Amino acid sequence: MSYFPDVPQIEFEGPESRNPLAFKHYNPDEMIEGQNMKELFRFAVCYWHTFRGAGSDPFGPGTMQRPWDDGSESIENALKRVDVAFEFISKLQAPCYCFHDRDVAPDGETLAEAHKNFDTVAARLKEKQEETGIKLLWGTANLFSHPRYMHGAATSCNADVFAYASSQVKKCLEVTHDLGGENYVFWGGREGYMNLYNTDMQRELDHLAKFMHMANDYAKEIGFTGQFLFEPKPKEPTKHQYDYDAAACMNFIRNYGLEDVVKLNIETNHATLAGHTMMHELEYARIQNALGSIDANTGDLLLGWDTDQFPTDIYLTTQIMLVLLEQGGLKPGGVNFDAKVRRESFEPIDLFHAHIGGMDAFARGAKIAATIRADNALSDIVKERYASYDLGIGAKIEAGEVGLAELESYMLEKGEVDPNQSGRQEFIENLVNQYI
Ligand code: XLS
Ligand code: NI
Ligand code: NI
């Protein structure tokens, strides 16, 4: 039984191909800086947007045609969706997938029933993983959709809600572990606040940290050695999200002694909502050994919210790959398409076009970034720019050999600084354009 009978296995056909159902640049076996593309990207398809996204928005209901889905919350429907998902992911040659507990399995009337539903579907996921070799990049719990999470989960003012969320995380860790998941993600959902008049920020942050420590303790108990990831996002749904950006997350992580436990899962559209570029967020995480994984998507320049579009911009993917190659890849993390097709792109085939385009955009970005790196085109410029710290007084500053007094004597004797040099931004932008 095939759910995509008209779609063949997607193969690499090269840049000259005009076949929309073929890769022009993503070639799983092609080597980039000593790794093949499959291992370099570890592409993942996300379950929530791709198999649960209905295309609804605040102005109207869903538009998606998903002929296999009866729209019900039945177990049968959920099990059928697993078959659809694995056919899709296999045909796409994506090695991994990601889910929330409530994407894959129906919620229950009680927590016990929800656990049972999750187990039933997880058994099918496991079978399909074994059959296809597709791996679970990460699991996570949905701690934001159900009305009980109106005030947040770990940061809710209601201790029972904290307990419920903890139970969901416990179960989701068990399932993620059982499915060989390589990471576990915390996206804050509603972990933030709308108004300080009714909020004890200190207590909420303490609770969030306790929550993560408990998850880590439990992971150790069950032998889950996957990487924990904290996913920054500045707004939506609350006004002040505690996980605003990479810097806010790192400060939280250090403040609460989580630096050996949690890395970051950086998402493009979240970076831009925070007023940063994706490259900034990635580099900020990387230099602190905290770049764990990425959620690949993009926002829209003219729309100010989390549109989660598929990334097709080669400048964006080139910038991302400059950082990822510098780190030598993301393993055990990967590139998860936390992206959804537009509401107007409602046919199943659009899911293929979207992912093929995203994978090709990353492959092209990687090739361009690797060439820039092979030529040392940017690294030489940066090195040269800081050369004054390689010798003389600069080297002494970096080595901690001088203080204010020594620097004052140095400057009194010298009188004036060496002349500054041009930053050459326009020249460098032109240079990058030559590689695109
Ligand atoms: C939402 C987040 C979410 C996380 C997983 O904006 O990106 O999809 O990746 O909970
Ligand atoms: Ni995400
Ligand atoms: Ni998002």
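Quick note: the coordinates plus some simple rules give every number you see, no bench work behind them. This structure is a prediction, so every number in the text was calculated from the model and none was measured. Note that each Cβ is placed from the backbone with ideal geometry, even for glycine, and that neighbours are counted across all protein chains shown.
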- [ ] Would you mind computing the Rg to Rh ratio of the range 123-192 from its alpha-carbon coordinates, Kirkwood style for Rh?
- [x] 1.08
TODO: Once you have the Cα-Cα distance between Glu259 and Glu384, take 0.36 nm times their residue separation minus that, and quote the gain in nm to one decimal.
DONE: 41.7 nm
TODO: Could you work out how far apart the two model spin labels at Thr277 and Leu301 are, taking each label as a point 7 Å from the Cα in the direction of the beta carbon, and quote it in nm?
DONE: 1.4
Open item on the list: For Cα pairs less than 8 Å apart in space and 6+ apart in sequence, what is the mean separation divided by the residue count of the chain, i.e. the relative contact order in percent?
Closed with: 16
TODO: Starting from the Cα of Ala247, move 7 Å in the Cα-to-Cβ direction to define the label point; list residues of the range 304-337 whose amide nitrogen is under 18 Å from there.
DONE: none
- [ ] Quote the convex hull volume per residue of the range 272-325, based on C-alpha atoms, as a whole number of Å³.
- [x] 81
Open item on the list: If every alpha-carbon in the range 284-436 counts as one equal scatterer, what log10 I(q)/I(0) does Debye give at q = 0.10, 0.12, 0.15 1/Å?
Closed with: -0.56, -0.72, -0.94
Open item on the list: Starting from 0.36 nm per residue, how many nanometres of slack lie between Leu404 and Glu33 once their C-alpha separation is accounted for?
Closed with: 129.2 nm
Task: q = 0.10, 0.11, 0.19 Å⁻¹: log10 I(q)/I(0) that the Debye formula gives for the range 167-263, counting C-alpha atoms only - done: -0.27, -0.33, -0.93
Task: Helix-derived mean residue ellipticity, 222 nm - over the chain, DSSP H n ≥ 4, -39500 (n - 2.57), to 500 - done: -14500 deg cm²/dmol
Open item on the list: Apply the Karplus curve 6.51 cos²θ - 1.76 cosθ + 1.60, θ = phi - 60°, to the phi angles in the range 397-402 and return the couplings in whole Hz, x for Gly and Pro.
Closed with: 4, 5, 7, x, 8, 10
Task: Debye-sum result for the range 202-326 in log10 I(q)/I(0), which assumes one identical scatterer on each alpha carbon, at q = 0.12 Å⁻¹ - done: -0.47
Task: In Å, descending, principal axis extents of the Cα set of the range 21-113 - done: 51, 34, 24
Open item on the list: Given a Förster distance of 30 Å, report the FRET efficiency between Trp68 and Lys331 from their Cβ-Cβ distance, rounded to the nearest 0.05.
Closed with: 0.35
Open item on the list: Once each part is reduced to its C-alpha centroid, what is the distance from the range 139-198 to the range 1-23 in angstrom?
Closed with: 38
TODO: Taking the convex hull of the Cα atoms, report for the chain its projected area averaged over all directions, in nm².
DONE: 25.1
